[in-house]
Amino acid sequence: MSRKLFGTDGVRGEANQGHMTAEMALRLGAAAGRYFRRAGTNGHRVVIGKDTRLSGYMFENALTAGLTSTGMNVLLLGPVPTPAVGYLTRSMRADLGIMISASHNPAKDNGIKFFGPDGFKLSDEAEMEIEAMLEGEIRLAIPDNIGRAKRIDDGLGRYVEYAKTTFPARDRMSGLKVVVDCANGAAYKAAPQVLWELGCEVIPVGVAPNGYNINKGVGSTHPEACAEAVRTHGADLGISLDGDADRVMIIDETGRVADGDQIMALFARRWAGKGILQGGSLVATVMSNLGLERFLQGHGIGLERTKVGDRYVVERMRAGGFNLGGEQSGHIVMTDYATTGDGLMAGLQFLLAMAETGQRASELVSQFETVPQLLKNVRYQAGQEPLNNAQVQKVIAQTEARLQGQGRLLIRKSGTEPLIRVMAECEDDGLLAECVDAVVDAVTVAAG
């Protein structure tokens, strides 16, 4: 069975358009409620968090209606980071956790992500079963068993206190000046509070959400806003989160940006040196830079690659017993602390590295030389399969042959948009551009 509704990270799309409607959310809530009640867990409790998009109110109410109609009791957390939902699902013994967010996407989009009772995102198989239930008649609860809903005031506070426990060097934070860019999103309260209570002087950016400005010119997809604030205030570090705070970019005191690959390289090297890198390997996706792979090899650390999506990183981590993984885009997954990417906790781990080594951020953000990487996207129409075109396949094979021994080529369909992503890595800039353009041109013609 193919997935029609779920993508690489839950259900996502433009709010009030296509499949992303209140009606769909109501039925999805009912299907998820029935699925988890069927699993025979106790309490029939679900926690729902959201980011700061205006449409979050609509989806929160629709999901609540669907869930309570199948007998689930709903606890509404309000705006909290995605990792807080993962943590609170398990901490509060809920059967299900839901985060309403489109992550780094613009405010017009929204999404729905599910967490199981263990706090981890649902598997493909579970999502497919829920999606299949949407096709049929969803059995509702009898009147006496309809669920209740109530707002929970201390959910954010629980997460804040837990996040602080992951940082053991708070006595060394005094006087450290940190810019934190919350992207006008879900962490606009939590992140500044955690850093301030740990002793930092905090310069907050992107902490005035209005329902429309999430990720707009701020956050991890626009790290220049945080970099400018770092330089303006003479800060020691910048932590730039995305709209739901499961991604992070780190900015050093000069304004230089470190992506997820550089952050993972630092953590992997440090954890390996401490003997706490489980399995002796890092888990990353096929998008991570070839330079990261070479860096890890040079330090005797393995690299396990997965397809794109932090949920696939986590699945491989759990299957192989690894405790560190993530994505170039800034998802940093540390299963000793969290069940999904947590930008704030990754920022705290970077601060810990500064505290323990006595080094400035600029001495830590560049762990390896990146291999030049070029990524281009080609849009196609619904129903098209340009990668199945014979000429496209021929060009791809020819391009792979040209890059053999010098780099690599990666072509994949986006899990959230009708795009073909063409990426190549090669130290020869000219060859790199020729290879990517050849594939892009072939796909463009096929997509007609």
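So, of the residues in segment 1-46 that are open to solvent by less than 30 Å² (accessible area, probe 1.4 Å) and aromatic (Phe, Trp, Tyr), which turns out to be modelled with the highest pLDDT? In this case the residue turns out to be Phe36.
Mind listing whichever residues of segment 395-424 are among the acidic types (Asp, Glu) and farther than 30 Å from Gly13 by Cα? Show your work before the answer.
Within segment 395-424, the first condition is being among the acidic types (Asp, Glu), and the residues that meet it are 400, 417.
Result: Glu400, single match.
Which one is nearest to Phe6 (Cα to Cα), of the residues in segment 278-287 that are modelled with pLDDT of 95 or more and either of a type in the set (Gly, Ala, Ser) or open to solvent by 20 Å² or more (accessible area, probe 1.4 Å) (or both)? Step by step, filter segment 278-287, then rank; the result is Ala284. From the list Gln406, Gln328, the lone residue that is open to solvent by 60 Å² or more (accessible area, probe 1.4 Å) and at negative phi is Gln406.
Residues that are under 20 Å from Ser55 (Cα atoms) and either touching a Gly at 6+ places or on another chain (Cβ under 9 Å) or in a helix (DSSP H, G or I) (or both) within segment 182-199 comprise Cys182, Ala183, Asn184, Gly185, Ala186, Ala187, Tyr188, listed in sequence order.
Per-residue answers, yes or no, for (1) assigned to a loop (DSSP other than H, G, I, E, B); (2) under 22 Å from the mean Cα position of the chain (by Cα); (3) surrounded by fewer than 24 Cβ atoms within 10 Å (Cβ to Cβ):
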| site | (1), (2), (3) |
| --- | --- |
| Gly217 | yes, yes, yes |
| Ala225 | no, yes, yes |
| Glu228 | no, no, yes |
| Ala265 | no, yes, no |
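Rundown of residues vs (1) on the phi > 0 side of the Ramachandran plot; (2) among the small types (Gly, Ala, Ser), yes/no style:
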position: Thr8; (1), (2): no, no
position: Leu28; (1), (2): no, no
position: Arg37; (1), (2): no, no
position: His44; (1), (2): yes, no
position: Val47; (1), (2): no, no
position: Asp51; (1), (2): no, no
position: Leu63; (1), (2): no, no
position: Gly66; (1), (2): no, yes
position: Ser91; (1), (2): no, yes
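Any residue in segment 104-124 that is assigned to a helix (DSSP H, G or I) and either over 23 Å from Leu77 (Cβ atoms) or free of Cβ contacts under 8 Å to residues at least 12 places away in the same chain (or both)? Among the residues of segment 104-124, at least one is assigned to a helix (DSSP H, G or I) and either over 23 Å from Leu77 (Cβ atoms) or free of Cβ contacts under 8 Å to residues at least 12 places away in the same chain (or both), which makes the answer yes. All of (1) free of Cβ contacts under 8 Å to residues at least 40 places away in the same chain; (2) part of a loop (DSSP other than H, G, I, E, B) hold for Gln393 with one exception: (2).
Only a single criterion out of (1) open to solvent by less than 20 Å² (accessible area, probe 1.4 Å); (2) under 14 Å from Met99 (Cβ atoms); (3) modelled with pLDDT of 95 or more is not satisfied by Pro79, namely (1). No other residue among Arg247, Arg305 is closer than 23 Å to Thr340 by Cβ, touching a helix residue (DSSP H, G or I) at 6+ places or on another chain (Cβ under 6 Å) and open to solvent by 20 Å² or more (accessible area, probe 1.4 Å) apart from Arg247.
As a summary of the residue check, Phe350 satisfies the conditions (1) open to solvent by less than 20 Å² (accessible area, probe 1.4 Å); (2) at pLDDT below 95 except for the one numbered (2). The single condition among (1) modelled with pLDDT of 95 or more; (2) touching a Pro at 6+ places or on another chain (Cβ under 9 Å); (3) closer than 22 Å to Leu292 by Cβ that Glu427 does not meet is (1).
Figure legend. Inter-residue proximity from segment 256-276: first residues in contact (Cβ under 8 Å) with a residue 40 or more places away in the chain, second residues of a type in the set (Lys, Arg) and open to solvent by 20 Å² or more (accessible area, probe 1.4 Å), beta-carbon distance below 8 Å, spacing 6+ or different chains. Indicated pairs: Gly260/Arg247.
Highlighted here are the strands (runs of 3 or more DSSP E) found entirely within segment 282-370 that include at least 2 residues which are over 28 Å from Ala186 (Cα atoms): 302-306.
Scanning segment 125-157 for residues that are farther than 18 Å from His44 by Cα, among the acidic types (Asp, Glu) and open to solvent by 30 Å² or more (accessible area, probe 1.4 Å) yields Glu125, Glu129, Glu135, Glu137, Asp153, Asp154. Within segment 426-442, being surrounded by fewer than 23 Cβ atoms within 10 Å (Cβ to Cβ) and not small (Gly, Ala, Ser) holds for Glu427, Asp428, Asp429, Leu431, Leu432, Glu434, Val436, Asp437, Val440, Asp441. The single residue among Val179, Val160, Val207, Val202 that is more than 30 Å from Thr64 (Cα to Cα), at pLDDT 95 or above and either in a helix (DSSP H, G or I) or open to solvent by 10 Å² or more (accessible area, probe 1.4 Å) (or both) turns out to be Val202. Residue-level analysis places Met99 outside the set of residues that are more than 17 Å from the chain's Cα centre (by Cα) and not hydroxyl-bearing (Ser, Thr, Tyr). Collect the residues in segment 400-430 that are more than 20 Å from the chain's Cα centre (by Cα), in a loop (DSSP other than H, G, I, E, B) and among the acidic types (Asp, Glu), keeping them in residue-number order. Of everything in segment 400-430, those that are more than 20 Å from the chain's Cα centre (by Cα), in a loop (DSSP other than H, G, I, E, B) and among the acidic types (Asp, Glu) turn out to be Glu427, Asp428.
So if I check each of Thr52, Thr89, Thr82, which one is closer than 24 Å to Leu344 by Cβ and touching a Pro at 6+ places or on another chain (Cβ under 6 Å)? Give the steps one after another, and end with the answer.
Details: Thr89 fails: touching a Pro at 6+ places or on another chain (Cβ under 6 Å); Thr82 fails: touching a Pro at 6+ places or on another chain (Cβ under 6 Å).
Being closer than 24 Å to Leu344 by Cβ and touching a Pro at 6+ places or on another chain (Cβ under 6 Å) holds for just one of Thr52, Thr89, Thr82, which is Thr52.
Under the condition of being within 19 Å of Asp429 (Cβ to Cβ) and not β-branched (Val, Ile, Thr), the residues counted in segment 379-400 number 1.
The values are calculated or read from the model by the stated rules, or taken from the named source; none is laboratory data. Keep in mind it's a predicted model, so treat the numbers as computed, not measured. Here the Cβ is made from the backbone with ideal geometry for all residues, glycine too, and neighbour counts use every protein chain on show. These area figures cover heavy atoms from the full protein model, side chains too; ligands, DNA and RNA do not enter into them. Shrake-Rupley method; radii C 1.70, N 1.55, O 1.52, S 1.80 Å.
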